[in-house]
Every structure is written in structure tokens, then in C-alpha cells.
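The values are calculated or read from the model by the stated rules, or taken from the named source; none is laboratory data. Note that the structure is predicted; figures quoted are calculated from it, not measured. Note: ideal-geometry Cβ built from the backbone for every residue, glycine included; neighbour counts use all protein chains shown. All accessible areas refer to the heavy atoms of the entire protein, side chains included, with ligands and DNA or RNA removed. Shrake-Rupley method; radii C 1.70, N 1.55, O 1.52, S 1.80 Å.
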Amino acid sequence: MPATIINGAAVAKTIRQEIAAEVAAIKERHGLIPGLATILVGEDPASQSYVAAKNKTAHALGIHSEQMTLPATTSEEDLLRLVEQCNRNPAIHGILVQLPLPRHIDEPKVLFAIDPAKDVDGFHPVNAGKMMLGQRCFLPCTPNGILELLQRTGVETSGAEVVVVGRSNIVGKPIANLMLQKRPGGNATVTICHTRTRDMAAHTRRADILIVAAGVARMIKADQIKQGAVVIDVGVNRVGQSATGKAVLAGDVDFDDVLDKASAITPVPGGVGPMTITMLMQNTLQAAKQAAGLM
Ligand code: NAP
């Protein structure tokens, strides 16, 4: 039997409706409007479209969003000054600095300058540390989206063998850490693979839940997964262009190859992707409520 397709777009839509309802409720009851600042430095087309999508989603959910666009030549000092202004602005509850930044800017320094209480991307070391310790914090959006997808589709993680391919700070390491936490949605036995892993297939074939975030198109084939595995494909790879000029995307998993062997799988596009922006909106709502003492 072919795998169940985990419809991230549908799950994201449900969560967005929940967020919009809560945004409307806190506006009515407390006069509070969650505010998000998105800071874009330079003109990278992919970054421009990501930021535009974030602002569009914020508006659709009733979240106030301000896009701040700076030229690629902006100095580190000017960017830090803008971050500081956002830190002090009471109408802004969440700050997102779109990555990557131009090479002359020290990225960790800028992320560190964001007030951890407004760090809705969850990249500040304070939030990363709290996440590791299992304390309440802003969780990074893509890993949090994966947790939500697994929980809302009823995938049992407790005691499961989870294998994560990729060890980046934004996906691989945090999702591995979250699946390890002693709480619902965690409690898994976790292995992380990367480019220095010897015999990666020996690990991936043991996985009850396989999470792939490597950035290599269709690298995981059917012979690398276990019969009945749940496969979460985080990869977004541009593999061509349609006749209308739109990018053709592929995940890190060879979807057609594994479809009859997996028990459930996220498609690309329409799997993990829609969850990422949704979790950013959820974090912005959380930041506004925390600032107002509502949670
Ligand atoms: P990244 O920073 O480039 O990290 C990739 C990781 O994969 C690295 O740890 C690397 O190992 C490992 N890797 C690469 N090739 C491998 C191979 N052949 N075998 C084993 N491990 C391998 O990438 P990222 O930012 O985590 O993103 C990963 C993918 O997810 C990309 O396609 C990205 O576009 C996508 N993504 C999607 C979303 C979304 O919302 N859907 C969000 C973020 C990222 P080393 O550490 O040894 O180099």
C-alpha cells in the first residue's frame, strides 16, 4: 500500500486559522496587536520572496508586520542600530532578520543583538540553550513545524528510532534535540548523520522516523529506508524550471521511489515548507502575549 501523504499545507492552514482566531480575540479583549519586524539586507531573490511570504501571511492572520529593507552595502553598525530600535519598539513583538546576511556582516553578532524575548526565529543562543535544557522558549520554526506535523498526524515518537540526516543549526541539530526531550512529541532514540558518517544507510534503514535535511536532491532511495518508516523530507532543491518559468522543486528524498515502502511521507512542496512560516506566526503571537503578561 502506498504511503499516506502528510499534507503539511492542510495542517498549516488549520493552525493558521487557530492563530487568526486568537489574534482577533486578544485584539478585542486586550487591544493587543502582535507586531513582527522583518529585516532584509540586500536583494537576493530567494530572500525577497521568503520575506514577502512572511509579511503576506502575517497580514492575512491580523498580525501587524513591518518590512525593513536595507541595501546590501549596509554596515554592520547600521543593521545593529536597526535591531536595537526594534528591540525598544513596543509595537514590535517579534524580530526576524532574514538570513543569509551579506558577507561583511557578522551573522552571529546580529542574531545575538536581538532581544531574546523578541527572537521569534529561535536562533538566539539564549533560546537555543533553553531549548536544549527543555525550558520554555521560542523554538526554531522548521523543527517546531516538524514536531507539530508529527503530533497532529498521530505519529508516536516515544521509544521510536529517529534518524536525522543533517546537522545544521537551523534544522538538523534542533530537531534531533527536540525529539530527544523528555515530553510528549519527544522521548525518541536519536541518531544524527552527516557527511562524515560511515555507512549512512545502515543508520537510515533502522529509522522508524527518518528526517532528512541535507540539501541534496532525491538522495534517499527506497533501499535506504525501513519498511513502514515515517519519512519527513525537509529538503527544498531547485531542480529545474517549468515552461512558465517557475522553479521545479524536489526534496532530499526520492518521493516516487520510497512511496510504496514508507508508511507516511511529507511531499515537497506542500510538506514541511508551509509549517515553517506558520510556526513563525505562532511565535509572534506567543511573543506578544508574553510581552503583555497574558501567558
Ligand atoms: P545545511 O546548513 O547546508 O546543512 C546540510 C547538512 O546536511 C549538513 O550537516 C551536511 O553535513 C549534511 N549533508 C549534506 N550532504 C550530505 C550527504 N550526502 N550525506 C549526509 N549528510 C549530508 O542545510 P540546512 O539549512 O539544514 O537545510 C537543509 C535542506 O532543508 C535544504 O534543502 C534547505 O533548503 C531545506 N530547508 C527547508 C526548510 C523549509 O522550511 N522547508 C527550512 C530550512 C531548510 P556536514 O555538516 O558534514 O556538512
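Here are a few things to note about the model shown:
- Net charge of Cβ neighbours under 14 Å - reference residue 45; Lys, Arg +1; Asp, Glu -1: 0
- Among the DSSP helices (H) of the chain, those spanning at least 24 angstrom by Cα along their long axis with an average Kyte-Doolittle hydropathy of 0.0 or more are 273-291; this is a geometric and hydropathy rule only.
- Virtual spin-label span in nm between residue 242 and residue 103, 7 Å along Cα→Cβ: 3.5
- Were the residues from residue 158 through residue 183 laid out at 0.36 nm apart, the gain over their Cα-Cα distance would be 8.1 nm.
- Residue of 18, 84, 28 that the Gaussian network model of the chain assigns the largest fluctuation, springs spanning Cα pairs under 10 Å: 28
- Taking trypsin sites (Lys or Arg not before Pro) across the stretch 102-139, the ones in a DSSP loop with at most 12 further Cβ atoms lying within 10 angstrom of their Cβ are 103, 136.
- Residue 272 accessible area, assembled protein chains, probe 1.4 Å, Å²: 10
- The protection proxy used here, the mean number of other Cβ atoms lying within 10 Å of each residue, ranks peptides 255-262, 37-44, 73-80, 194-201 as follows, highest first: 37-44, 255-262, 73-80, 194-201.
- Considering only 285, 210, 82, the mean-square fluctuation computed in a Gaussian network model of the chain, springs between alpha carbons under 10 angstrom, is largest for 82.
- Entry comment: accessible area of the stretch 147-295 is 45 Å² per residue, from protein heavy atoms only and a probe of 1.4 Å.
- Cross-link reach list, lysines versus residue 118, counting only Cα pairs under 21 Å and skipping chain neighbours closer than eight places: 27, 54, 56, 109, 130, 289
- Karplus-based coupling profile of the stretch 225-233, in residue order and whole Hz: 10, 7, 4, x, 5, 8, 10, 10, 9, with θ = phi - 60° in 6.51 cos²θ - 1.76 cosθ + 1.60 and x standing for Gly or Pro.
- Share of carbon and sulfur in the accessible heavy-atom surface of the chain [1.4 Å probe, %]: 54
- Rounded Å value of the spacing that divides the Cα centres of the stretch 68-113 and the stretch 116-155: 21
- For residue 70, residues with placed amide H under 5 Å, excluding near neighbours: 40, 41, 42
- Gaussian network model of the chain, Cα within-10 Å springs - most flexible of 247, 12, 113: 247
- For the stretch 57-216, the residue among 95, 192, 215 whose Cα projects farthest onto the positive side of the dipole built from Cβ charges is 192.
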